[in-house]
Amino acid sequence: MSPLQYQKQLRLQEARRLILSRAADAAGAGHAVGYDSPSQFSREYRRMFGAPPMRDADKLRAQGAQPAG
């Protein structure tokens with residue numbers, strides 16, 4: 001994994017944590033981790049986690065997942 005891929009993975013995982021903890025909505029989480037474009041954030045999030053941010057968060061909450069940290 002390249003350094004840029006690693007950085008992207010960390011940013012997306014932090015955004016997922018923010019969304020799950022309800023500290024931010026999808027656009028806010030994307031912005032908080034450094035994305036200027038909500039559509040770019042959503043596209044990369046979906047590519048990494050297999051679903052758009054809010055659908056992924058709803059699915060994880062339904063499964064009883066708790067945010068790490």
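No value in this document is a laboratory result; all are computed from the given coordinates. Since we're looking at a predicted model, the values are computed, not measured. Cβ sites come from the backbone with ideal geometry, for glycine too, and all protein chains shown count toward neighbours.
At a glance:
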| item | result |
| --- | --- |
| Crossing angle, helix 38-49 versus the chain [Cα axis fit, 0-90 degrees, rounded to tens] | 70 |
| Per-residue Cβ neighbour rank within 10 angstrom, fewest leading, SER2, SER39, SER21 | SER2, SER39, SER21 |
| Inter-label distance, nm, simple model (7 Å from Cα along the C-beta direction), LEU10/ARG22 | 2.9 |
| Proximal charge balance of VAL33 [Cβ under 9 Å; K/R count +1, D/E count -1] | 0 |
| Mean Cα-pair separation over length for the chain, i.e. relative contact order, pairs under 8 Å, 6 or more apart, % | 29 |
| Chymotrypsin sites (Phe, Trp or Tyr not before Pro) restricted to DSSP loop in the range 8-54 with at most 10 other C-beta within 10 Å | none |
